[in-house]
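Working notes for the structure below.
The values are calculated or read from the model by the stated rules, or taken from the named source; none is laboratory data. Bear in mind that the values here come from a model prediction, so they are computed numbers and not experimental data. All Cβ positions, even for glycine, are placed from backbone atoms using ideal geometry, and neighbour counts span all protein chains on display.
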Amino acid sequence: MSEVKVTEVARKLAILRQRFKDKAQSDILQLQRSAGRFRGGDIQGPDLVSVYQSLHRLAGSAGTFGYGKLGAAARALEIELKPLIETPDSGCRVLSQEVVTPAFIERVEALLDLLMRARQGTEPVHCAPERVDEPRLETKRVLIVDPDPDAAETVANGVRLHGFEVAVCGSLSEAVHYDWSGLASVVVKETLLDGHAPELNGCAGLTPMICIGTEDSFERRYQFAARGMDGFIPEPLSIPALVDYIERLSSEWADKGTGRVMIVDDDAELLEHYALVLEQAGLEVCGVSDPTRILRVLSGFRPDLVLMDVQLGKFSGAHLARMLRYDPEWLGLPIVYLSSEENRESQVEALSEGGDDFLTKPVSDGFLINAVKVRCYRARQLDKLVSRDSLTGLLKHGVAKQEILKEHARCQRMGQSSVVAMLDLDHFKRVNDRFGHRTGDVVIKGLSNLLRNRLRKTDVIGRYGGEEFVVVLPNCAADDARAVLQSVCDQLAQIVFKGDGGEFSVTLSIGMAPLHAFASSEDAIEAADQALYQRKQAGRNGVTVAGNDHPPERCADG
Ligand SMILES: Nc1nc2c(ncn2[C@@H]2O[C@H](COP(=O)(O)OP(=O)(O)OP(=O)(O)O)[C@@H](O)[C@H]2O)c(=O)[nH]1
């Protein structure tokens, strides 16, 4: 996040803090009026309830805005008052004499002092956003650090064929001056890690670092881990295996820093505060203050996680959580209550209705960021397990078809053009027969990685069957799609794979069709499949567009 943006966030947080202070002051004045009545022996049930609610609000929010002592004092009073609120009228009258003592009333009156003292700066206030510099990854650029320029260039060329931009450095001191932001990985030759490697101090956590080396032993691996390496890959180096490693690490890292969070809280200042803090840490946030809008917002925003207050005016967060689970689509959605409820029994009760966890208010900004990121990360990993193919990480057949259906509907609605394409590796059976199934798997992963890197983030890429893939290029004219898909064929053909029986390369056949031009997504897929069949008939290795009158040019059969 830029300095300007950090200052802007700090400015907004300061405004929120002032709003909280004004509101808290009027709440506390109200509390003092009630305390005055209590002193005169006028202790009424409704008055007690409203005092309890004000204390509860202060206890939950004051800490977040930097008034820790005020929050703690309100919390202590709230806890003492709670049994009174839960006791029937007759018992309440007896109990109130024991609880609402002169000392209790004095403590209520002293709340204003705690608010004012903080204003005069006698209470340290930690309200500025805690800066959390997260690595923001684009999985496109790789830095190779190897003192041997020829070896470095060979690796770089291999990795480039998989769709990455690659830069090369000869030493760590040169590497640390390179811009690491947005790197998918830094690949380091093992010899550079012998000795102290002080250049790497402070680099851990910036971007995934992978070591390549000849000696694969416990001692060596441990040494690399101590130097901050996130991965190790032994030589002789297989470029597809290295690319696969880079893909895996960079996708894990990218997931760690991101997430979509929906916050449901009827306290406007708190809601805005949480949203600013989380957005500043790189999360996408959608705030909902009116619980009746939850379902509508959920469908549009599709969060990884919901943070929900337990009491939202007349609505109970626990009931809302139960209601969300009516829809199978939201059965797996993690719901975390953000509440000042500390009582374990009440927490368990709320959890049993459909929530997954509790974060007790007030939470520090840093704790909130980490707690949310960890939960978003887990939710995304789980979602991947369900919707993604385990070998390639691409969308599974059914999920891909759903996405194509959605894109078809979008095209119809917006009048835009998109392209659907079916891709099939050529003579793949021969690869398996000659080099074995495991080598065949490396080829399938190689093509998946190439597709991920060559296509846009918004494109749909699915594994349709064994060695068959489907892609959708939204908002793309047929000529542009054809050029991109042809370049995928060309790049794949240049990649050299290694198997037990020697080196080899593979080719790819593609059939494509304009998604928007068909009445249904099924029809468009069928047309792309027919075009793929034509390409296979006409010699494979290339792209055929559905509906082209003349048969495709015949290519040399791979
Ligand atoms: N290694 C590996 N092979 C697979 C996987 N899924 C399917 N296959 C293999 O892919 C091959 C597909 O062979 P065919 O359908 O005959 O097609 P082909 O040999 O690619 O020939 P053309 O498509 O006509 O060019 C079969 O040998 C399958 O076993 C997989 O996950 N891993």
One residue is enough: does the range 375-397 have a residue meeting the conditions surrounded by fewer than 20 Cβ atoms within 10 Å (Cβ to Cβ), more than 25 Å from residue 449 (Cα to Cα) and of a type in the set (Gly, Ala, Ser)? no
Within the range 369-378, is there a residue that is more than 18 Å from the chain's Cα centre (by Cα) and either among the acidic types (Asp, Glu) or at pLDDT 90 or above (or both)? no
Could you run through the range 466-497 and say how many residues are in a strand (DSSP E or B) and crowded, with 22+ Cβ neighbours inside 10 Å? 5
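Each row is one residue, and each column tells you yes or no for (1) crowded, with 16+ Cβ neighbours inside 10 Å; (2) free of Cβ contacts under 8 Å to residues at least 40 places away in the same chain; (3) closer than 11 Å to residue 265 by Cα.
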{"site": "292", "(1), (2), (3)": "no, yes, no"}
{"site": "303", "(1), (2), (3)": "yes, no, no"}
{"site": "308", "(1), (2), (3)": "yes, no, yes"}
{"site": "313", "(1), (2), (3)": "no, no, yes"}
{"site": "317", "(1), (2), (3)": "yes, no, yes"}
{"site": "323", "(1), (2), (3)": "yes, yes, no"}
{"site": "326", "(1), (2), (3)": "no, yes, no"}
Are there any pairs, at least 6 apart or on different chains, whose C-beta atoms fall under 8 Å, with the first in the range 488-515 and on the phi > 0 side of the Ramachandran plot and the second part of a loop (DSSP other than H, G, I, E, B), and if so, which? none
Among residues belonging to the range 195-229 that are free of Cβ contacts under 8 Å to residues at least 24 places away in the same chain and assigned to a loop (DSSP other than H, G, I, E, B), point out the one that is farthest from residue 179 (Cα to Cα). 217
It is to be established whether one or more residues within the range 417-437 are surrounded by 15 or more Cβ atoms within 10 Å (Cβ to Cβ), free of Cβ contacts under 8 Å to residues at least 40 places away in the same chain, in contact with a helix residue (DSSP H, G or I) (Cβ under 8 Å, 6 or more places away or on another chain) and assigned to a helix (DSSP H, G or I). yes
Leading residue by the ranking (farthest from the ligand (Cβ to nearest atom)) among those in the range 508-545 that are assigned to a loop (DSSP other than H, G, I, E, B) and touching a strand residue (DSSP E or B) at 6+ places or on another chain (Cβ under 8 Å): 538
Could you look through the range 331-352, keep only residues that are modelled with pLDDT of 80 or more and part of a loop (DSSP other than H, G, I, E, B), and pick out the one that is farthest from the chain's Cα centre (by Cα)? 331
Top-ranked residue of the range 413-443 - restricted to ones that are in contact with a Lys or Arg (Cβ under 8 Å, 6 or more places away or on another chain) and near the ligand (Cβ under 7 Å from one of its atoms), ranked as farthest from residue 531 (Cα to Cα): 427
Residue 501: passes all of (1) under 30 Å from residue 384 (Cβ atoms); (2) within 15 Å of the ligand (Cβ to nearest atom); (3) surrounded by fewer than 21 Cβ atoms within 10 Å (Cβ to Cβ) but (1)
Quick check on the range 291-299. Is at least one of its residues assigned to a loop (DSSP other than H, G, I, E, B) and among the hydroxyl-bearing types (Ser, Thr, Tyr)? no
